[in-house]
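Asks: After the structure tokens below, expect a handful of questions from me.
The values are calculated or read from the model by the stated rules, or taken from the named source; none is laboratory data. As the structure is a computational prediction, the values presented were derived from the model and not from experiment. Here the Cβ positions follow ideal geometry from the backbone for every residue, glycine too, while neighbour counts run over all protein chains shown. Surface accessibility is based on the protein's heavy atoms, side chains included, excluding ligands, DNA and RNA. Shrake-Rupley method; radii C 1.70, N 1.55, O 1.52, S 1.80 Å.
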Amino acid sequence: ADVFKLAKDICTALSICSKKGIVHRDIKPDNIFIDEYGNYKLGDFGVARKLAKTMDSMSRKGTYSYMAPEVYREEHYDTRADIYSLGTVMYKLLNNNRDPFIDARQAVVTVSERSSALSRRRKGEPLPPPSFASPEAARIILKACAFNPDDRYNTVDEFKADIVRTMKNGTDFFGVDNP
């Protein structure tokens, strides 16, 4: 439930960014903060850009392990790139802090395994569900992390609405293999 609370709060921040035409481009755990009231906040807008500027330069800025494929390939991107990155944060939090394609129960992960996992994602191989996510949580996360931006949520508000609806339904966010 904490992962979905985090996602809901960050979606609120991204919604404000979207309304101002800003793409954050570096959603990752290091840029997510929590205040004294338990609210998650988005920080470090150092590589954020106005959408109009990203269309001109299509720069590859951000952290590769959270970066949307279209950003990595230096193609046109929009706010759905931030949806992908937030989905990846959620994925890793429900996969024992492991990237997709890396066994969540594995004690040590080699550089070669990390590189191979990232390569599989960049090629568009469908992601397996996070190891410790319920089917409903996995559905939301995998949609946010879709390789093709057109298969993701169209807007951050749509993403947030699905998260809120799932939270209100009292969904168990963990699968049977709780960590």
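Asks: Within the stretch 105-150, track down each residue that is outside any loop (DSSP other than H, G, I, E, B), in contact with a helix residue (DSSP H, G or I) (Cβ under 7 Å, 6 or more places away or on another chain), more than 17 Å from ILE83 (Cα to Cα) and hydrophobic (A, V, I, L, M, F, W, C).
Replies: LEU118
Asks: Could you please let me know if ILE102 is at pLDDT 90 or above, part of a loop (DSSP other than H, G, I, E, B), of a type in the set (Val, Ile, Thr) and surrounded by 17 or more Cβ atoms within 10 Å (Cβ to Cβ)?
Replies: yes
Asks: Here is a further query. Among the residues of the stretch 64-98, write down those that are part of a loop (DSSP other than H, G, I, E, B), open to solvent by 20 Å² or more (accessible area, probe 1.4 Å) and under 19 Å from VAL3 (Cα atoms).
Replies: ASN96, ASN97, ARG98
Asks: While we're looking at this one, here's another question. Look through the stretch 31-69, keep the residues that are modelled with pLDDT of 90 or more and charged (D, E, K, R), and return whichever of them is farthest from ASP99 (Cα to Cα).
Replies: In this case the residue turns out to be GLU36.
Asks: What's the number of the condition ALA138 fails, among (1) over 15 Å from the mean Cα position of the chain (by Cα); (2) modelled with pLDDT of 95 or more?
Replies: With (1) over 15 Å from the mean Cα position of the chain (by Cα); (2) modelled with pLDDT of 95 or more applied to ALA138, the lone miss is (1).
Asks: How many of the residues in the stretch 123-170 are more than 18 Å from SER18 (Cα to Cα), surrounded by 13 or more Cβ atoms within 10 Å (Cβ to Cβ) and polar (S, T, N, Q)?
Replies: Final tally of qualifying residues: 3.
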